[in-house]
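Read-outs throughout are calculated quantities, based only on the coordinates presented, and are distinct from any laboratory measurement. Computed from a prediction, not measured in an experiment: that's the story for all the values here. Positions of Cβ are generated from backbone atoms using ideal geometry, with glycine treated the same way; all protein chains shown enter the neighbour counts.
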Amino acid sequence: MAHRWKNNLTMSDVTPRDTYLNRRRFLAATAALGVAAGAGPAQASAAKLKPNSWQEITNYNNFYEFGTGKEDPAAYAGALTTSPWAVTIDGMVERPGAFDMDDILAAMTIESRIYRLRCVEAWSMVVPWNGFELADLLAMAGVRPEARYVRFETLYRPEEMRGQRYPIVEWPYVEGLRLDEAMHPLTIMATGLYDKPLPNQNGAPLRLVVPWKYGFKSIKSVVRITLTDTQPRGTWEKSLPNEYGFYSNVNPNVDHPRWSQASERRIGGGLFAKKVPTLMFNGYEKDVAHMYQGMDLAKYY
Ligand SMILES: Nc1nc2c(c(=O)[nH]1)N[C@H]1C(S)=C(S)[C@@H](COP(=O)(O)O)O[C@H]1N2
Ligand SMILES: [Mo]
């Protein structure tokens, strides 16, 4: 379907640093995305952002719980019941328990973040998320000082998630972050898109978004968050450890064993659009590189 989409993005369209550093003003300026023009210098660059369309973002998905085709999630994720929903936060926390989605939403301030999304398969989009910082959610449970990592788990419900009836990967889908990555202000839990509730195919009702990492780290439909002192093994790391590492930071200089990561195809650019260069840490280098100082990124891929 990609050939039907019209959109022309360039790297300069996206200025994520301004967007998030000025997020409160950005939010105050507008309820709708992209209406921030003229509200001040910070908003001037934010207004240049050109997100992919709703149609693109909700019809070209990876969500293997509903099948491996890009159009399977849009076709089949409607079967998922997302209310009621609870997220268990456990492990090394002060107040472990099941947190009801309604209570989470009541406690959080929903904000807008326009982020790049770069899939490890070398395609990308720009997505206007709504959500809140993961750090604020973790604060509800109280992170204990011995915690070093965060492990996330997707719902396991094969009656509604038809892909889970097949051993495509090990279910439930699992991902993990180092605690400093989880606490980073760029790391959010998304609850919406374009100021509308998150569609099921995008990971309703709550999905992780870590914009400087390959898309598969951004786990969907999360039901459990565990604070731990042990590095979690994600679903893709377990399946193909020499292809997908724990860190999975977007890096144009470290190729996937089977393809180059130096450039990417923008969804919506059309079939014959030129690939655009992939940016270090997906363009978030200034904000996140300090966390990986001194690490050999080819070794810790
Ligand atoms: N539970 C779960 N989360 C997942 C996936 C998945 O298959 N299952 N796919 C990942 C991959 S590979 C990508 S690129 C993004 C895609 O997010 P999007 O469909 O909202 O663009 O979701 C990630 N989160
Ligand atoms: Mo992906």
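A few comments on the model shown:
- Just one residue in the set ILE110, ILE168, ILE89, ILE114 is more than 27 Å from GLN293 (Cβ to Cβ) and within 16 Å of ligand 2 (Cβ to nearest atom); that residue is ILE168.
- One residue from TYR214, TYR244, TYR194, TYR173 being away from ligand 2 (no atom under 16 Å from the Cβ), closer than 30 Å to ALA79 by Cβ and of a type in the set (Phe, Trp, Tyr): TYR194
- The strands (runs of 3 or more DSSP E) falling completely within the stretch 90-154 that include 1 or more residues that are in contact with a His (Cβ under 9 Å, 6 or more places away or on another chain) map to 123-133.
- Residue count for the stretch 187-202 satisfying the condition of being in a loop (DSSP other than H, G, I, E, B) and either within 13 Å of ligand 1 (Cβ to nearest atom) or crowded, with 22+ Cβ neighbours inside 10 Å (or both): 4.
- Scanning the stretch 217-241 for residues that are under 14 Å from PHE63 (Cα atoms), away from ligand 2 (no atom under 14 Å from the Cβ) and either surrounded by fewer than 24 Cβ atoms within 10 Å (Cβ to Cβ) or among the hydrophobic types (A, V, I, L, M, F, W, C) (or both) yields one hit, VAL222.
- Condition check for TRP259: within 15 Å of ligand 2 (Cβ to nearest atom), in contact (Cβ under 8 Å) with a residue 24 or more places away in the chain, more than 26 Å from VAL143 (Cβ to Cβ) and of a type in the set (A, V, I, L, M, F, W, C): yes
Quick grid of which residues meet (1) touching a Lys or Arg at 6+ places or on another chain (Cβ under 9 Å); (2) in a loop (DSSP other than H, G, I, E, B); (3) in contact (Cβ under 8 Å) with a residue 12 or more places away in the chain:
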position	(1), (2), (3)
ALA204	yes, yes, yes
LEU208	yes, no, yes
PHE216	no, no, yes
ILE219	yes, yes, yes
ILE225	yes, no, yes
ASN251	no, yes, yes
ARG265	yes, no, yes
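- Taking the numbered list (1) over 24 Å from ALA147 (Cβ atoms); (2) in contact (Cβ under 8 Å) with a residue 40 or more places away in the chain in turn, PHE246 passes all entries but (1).
- Residues of the stretch 267-301 classified as part of a loop (DSSP other than H, G, I, E, B) and either surrounded by 17 or more Cβ atoms within 10 Å (Cβ to Cβ) or hydrophobic (A, V, I, L, M, F, W, C) (or both), total: 13
- Selection within the stretch 173-186: residues that are surrounded by fewer than 22 Cβ atoms within 10 Å (Cβ to Cβ) and free of Cβ contacts under 8 Å to residues at least 60 places away in the same chain. The member of this set that is farthest from PRO232 (Cα to Cα) is MET183.
- Residue check: GLU160 meets all listed conditions (1) within 23 Å of PHE66 (Cβ to Cβ); (2) free of Cβ contacts under 8 Å to residues at least 60 places away in the same chain but one, namely (2).
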